[in-house]
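Take a look at the structure below.
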Amino acid sequence: METNHDSSSTNTIGFCLLPSEIIQNILLHLALPEIICLKSLNRFVADVISDKYFVRAYNSQARSTAWVFVYKKRWNRDALLHGFNDQSNRWFSFQIDSLLKPIIRPGDDIYFLTASCNVFLFVSNTRGEVIALNLVTKAVKTIPPSPLGPRGTSSWRRSGMKLVITGSDHFQFLFVDLVRNSPVLFVYSSQTDTWQSTEAREGLAGMPRVCQKEDGHVFLNVIDGPYESMVTAVGLERDAHNNYAPIVLRPRFNRRPCDGQNLLQVYGDGSMLVIKSSGGDDDGDTGVRMLNDIELWGGLRLNGSWHNWEYISKVPCKIKEQIRKPYRAMRGCLERRDGIIRAVLLSNYDGS
């Protein structure tokens, strides 16, 4: 009689006998946690996954998928990183504490910072250090301190930083912050293990719209105000002096009368969501609100001749009704990639 173990071994051997091109094509359509699990099947599959050409192809394809991460710290237990993948339409759990153990020390207060493809960044509040983890190779290292020195989680603006994959094993980490009231771009390169800083300049008249060069720029928010924002557009290509050329944009938002509605503005990648809501009960002001509308604003340009956010569209009624729930507090994030804008809104459902 064939046991379950024998059946599993037979399936594994049968999978490995497939042509390498078919195996790679199958792996390219899996989520990262599924690939990591397959890596332990046998040496051949591990070699396919570790191949630099496969990693490059996977990172390129991964740009079209979206992840939502939730980092859960558990008292006196290992932390968990949960991730939802839109392509697989399911949640995954990442056991990252064991992978970080070569770097972290007893008592370290670790938080998740950001991720892109197979690279994840964490920050130690205890030491103010950034830790880079490659989930595929399981390589982990501490990034040298930025020119601003050690930074805890309260110093990082999620809409003011970006992780960009530049090769099979390399990445750039960009963030912008105010230094003596001027926006300064800081770029870390894993290839050289060094930082570079560049002061942003004001937008120049006559330059084209940002959306015409979308693939060549990233947008980092410096200040998010209810009436005016400061956004830095960063070209991924360096100039003649081997420097980046960040440009300061200062879009204004002309708020129109909203009949007592509350406005929440969410920023990211050169776009803005305006979430409109009003009181959700008739028994008095209990702080419970009901979502009424979601608008998308954008239209930034790389010049100084334009100063206002432009209204683009609003969320269709069908989608709005699906997410229209009572709440007390709401946060969100916004991402634009390959011409697609994705937003995530997080609220305490039912106002509890």
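The values are calculated or read from the model by the stated rules, or taken from the named source; none is laboratory data. Keep in mind that this is a model prediction, so the values were computed, not measured. Reconstructed Cβ throughout: ideal geometry from the backbone, glycine too, with neighbour counts over all protein chains shown.
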Exercise for the section: May I ask you to verify whether residue 216 is modelled with pLDDT under 80 and under 30 Å from residue 48 (Cβ atoms)? Expected result: no
Problem - Residue tally, condition among the hydroxyl-bearing types (Ser, Thr, Tyr) and either under 16 Å from residue 141 (Cα atoms) or out of contact with any strand residue (DSSP E or B) (no Cβ under 9 Å at 6 or more places or on another chain) (or both), over the range 163-182 - result: 1
Problem - Matching entry among 351, 332 (being at pLDDT below 80 and within 21 Å of residue 261 (Cβ to Cβ)) - result: 351
Problem - Any chance residue 53 is farther than 20 Å from residue 189 by Cα and either surrounded by 14 or more Cβ atoms within 10 Å (Cβ to Cβ) or among the small types (Gly, Ala, Ser) (or both) - result: no
Problem - Subset of the range 147-176 (residues that are of a type in the set (Lys, Arg) and over 17 Å from the mean Cα position of the chain (by Cα)) - result: 151
Problem - Within the range 189-203, considering residues that are free of Cβ contacts under 8 Å to residues at least 60 places away in the same chain and over 15 Å from residue 141 (Cβ atoms), the one surrounded by the most Cβ atoms within 10 Å (Cβ to Cβ) - result: 200
